[in-house]
Each structure stands twice: as C-alpha cells, then as structure tokens.
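This report refers to the structure that appears directly beneath it.
The numbers here are math on the coordinates, done by the rules we state, and not lab data. Just so it is clear, the model here is predicted, and its values are computed rather than measured. Note: ideal-geometry Cβ built from the backbone for every residue, glycine included; neighbour counts use all protein chains shown.
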Amino acid sequence: MDSHAEKVRRPLDNKPVSPSLFAHFVLKTSNRPAMVDWYRKVLNARLVFENEFISFITYDDEHHRVAFINLPNLKKAAADTWGLSHVAYTFRDLGELLSTYRRLKGLGIAPMRPINHGPTVSLYYEDPDGNFVELQVDAFKTKAEAMGYFSTDSFARNPIGVAFDPDKMLADYEAGVPEADLLRIPDGPPSPPLNRH
C-alpha cells in the first residue's frame with residue numbers, strides 16, 4: 001500500500017449519539033447450570049458457546065443476549081443492596097405473552113408478580129439466583145400512545161399498576177374477549193412497588 005496515498009478525512013460530529021441496540025447482559029453466578037437452563041427455557045434461547053468459565057445464549061440473530069460467568073462461592077445479594085431491579089423483554093402481542101406464560105407454567109416456572117402497569121401488561125419471574133425478569137407486552141398500538149400514557153392523571157395516581165390473574169386472562173383470551181379489553185388496566189388498588197431488589 002502506498003503510504004503516501006491521500007487520506008480521506010472523517011471528522012466526527014459532536015452531536016450526542018444513542019446506542020443502536022441493547023446487545024446483552026452478563027450475570028455472575030455460582031449456580032451456572034441452573035441459570036443457563038432457566039434462561040434457555042424462559043427466553044426460548046439456544047446455547048451458543050460454553051466452557052468451564054462462561055456460557056453464552058441467544059434467542060435471535062444476535063451472537064449472544066445473555067452470558068453467565070461461572071465463579072465459585074458467590075453470595076446472593078441482600079435485598080437491601082443497591083443494584084439492578086430487573087431486566088424486561090417485550091413480546092409482539094398478548095397471545096405470545098400468554099402462550100409463553102402457559103408454556104413456562106407447564107415447566108414449573110410461574111410468575112411471582114403479574115401486573116398491568118398501564119403501558120404494559122407484565123409478568124415478573126425470579127431466576128434461580130433471585131434476579132427478576134419481566135416478560136411484557138405493550139398495551140398500546142404505538143410507542144407514542146404508550147409514551148402519552150405517562151403524562152396522564154391515571155399514571156400519576158398509580159405509576160406501578162394493578163395486579164391481575166394470568167390464568168383468568170389466558171382463559172378470557174382463548175374465549176375471544178377482545179385483546180384491547182384485556183390490555184386495558186383494570187380497576188383495583190395500586191400494586192405495591194417491587195422492592196426486594
């Protein structure tokens with residue numbers, strides 16, 4: 001290559017840039033086989049690579065979405081420790097969320113907290129190490145409508161949401177109750193905040 005070739009300058013813009021994609025997260029664990037098995041079931045994921053130190057799984061065309069670092073003798077974080085509360089995954093529609101609920105329930109994995117937040121209908125699960133995973137579906141047809149809900153008096157009065165019965169929602173869905181009715185936040189007392197983490 002000619003070291004004297006003319007270089008094309010590429011000045012960078014100073015405008016702030018947001019990431020284009022949330023790629024993955026990594027968990028440290030002393031319970032790796034159970035954690036990998038649980039996340040593979042919950043996310044319908046496949047193992048990409050594994051050795052004695054680390055495992056990688058994915059559920060789409062990304063090379064990995066979750067990794068697990070195998071470290072012996074770790075201790076579970078206390079409930080009053082600062083840190084991540086939960087991670088959340090969105091499904092395309094309510095049918096996908098409810099069929100996932102039924103599939104996981106059949107595997108002995110039940111949500112510890114079903115809640116209609118208003119902008120989403122969500123099922124919270126606890127992994128074998130005590131981390132929380134939210135499986136959700138948007139309750140509005142567009143992101144703009146969901147964002148608009150955050151500016152309503154209803155959301156200001158109850159920013160957490162209302163608990164619901166996922167078995168009843170599943171039965172109602174299969175009985176033909178309109179999806180819009182099932183996604184609408186029900187009347188009921190505000191659910192307490194998720195405060196264990």
Note to self: C-alpha centroids of the stretch 175-191 and the stretch 86-102 sit apart, in Å, by 16 Å
Mean-square fluctuation maximum in Gaussian network of the chain, Cα pairs under 10 Å, restricted to Pro16, Pro186, Pro178, hits Pro16
In debye to the nearest 20, the charge dipole size for the stretch 80-197, taken about the Cα centre with +1 at each Lys and Arg Cβ and -1 at each Asp and Glu Cβ, equals 60 debye
Listed by chain and number, the lysines with an alpha carbon less than 16 angstrom from that of Lys168, same-chain partners under 8 positions apart left out, are Lys105
Of 113-123, 70-80, ordering from highest average Cβ density within 10 Å down gives 113-123, 70-80
Filtering chymotrypsin sites (Phe, Trp or Tyr not before Pro) in the stretch 1-57 by DSSP loop and by at most 14 other Cβ atoms within 10 Å leaves Phe22, Phe53
For the stretch 1-104, using Cα atoms only, the Rg and Dmax in Å read 20.2, 65
The stretch 134-172 and the stretch 1-60 have their Cα centres apart by a whole-number Å value of 30 Å
Which of Lys15/Lys141; Lys28/Lys75; Lys28/Lys76; Lys41/Lys143 exceed 21 Å between C-alpha atoms? The answer is Lys15/Lys141; Lys41/Lys143
Computed on Cα atoms, Rg of the stretch 22-72 relative to 2.2 N^0.38 Å comes out at 1.01
A student applying the Cα gyration tensor rule (rounded when a/c is under 1.5; otherwise prolate if a/b is larger than b/c, oblate if not) would label the stretch 47-109 oblate
Between the Cα axis of helix 94-106 and the main Cα principal axis of the chain, the angle (0 to 90°, nearest 10) is 90 degrees
GluC sites (Glu not before Pro) in the stretch 46-133 lying in a DSSP loop, each with at most 12 other Cβ atoms within 10 Å of its Cβ, come to Glu52, Glu62
Extension length gain for Ala171 and Ala156 (0.36 nm per residue less Cα distance), in nm, is 2.3 nm
Of all DSSP beta bridges with both partners in the stretch 22-72, the antiparallel percent, nearest 5, is 60 percent
Taking Cα atoms only, helix 32-43 is inclined relative to the longest principal axis of the chain by an angle, in degrees rounded to 10, of 60 degrees
quick shape note, the stretch 42-197: Cα extents on principal axes in Å, largest first -> 49, 35, 30
Here the percent of antiparallel bridges among DSSP beta bridges lying wholly in the chain, to the nearest 5, is 65 percent
With 0.36 nm assigned to each residue of separation and the Cα-Cα distance removed, Asp37 to Lys15 gains 3.7 nm
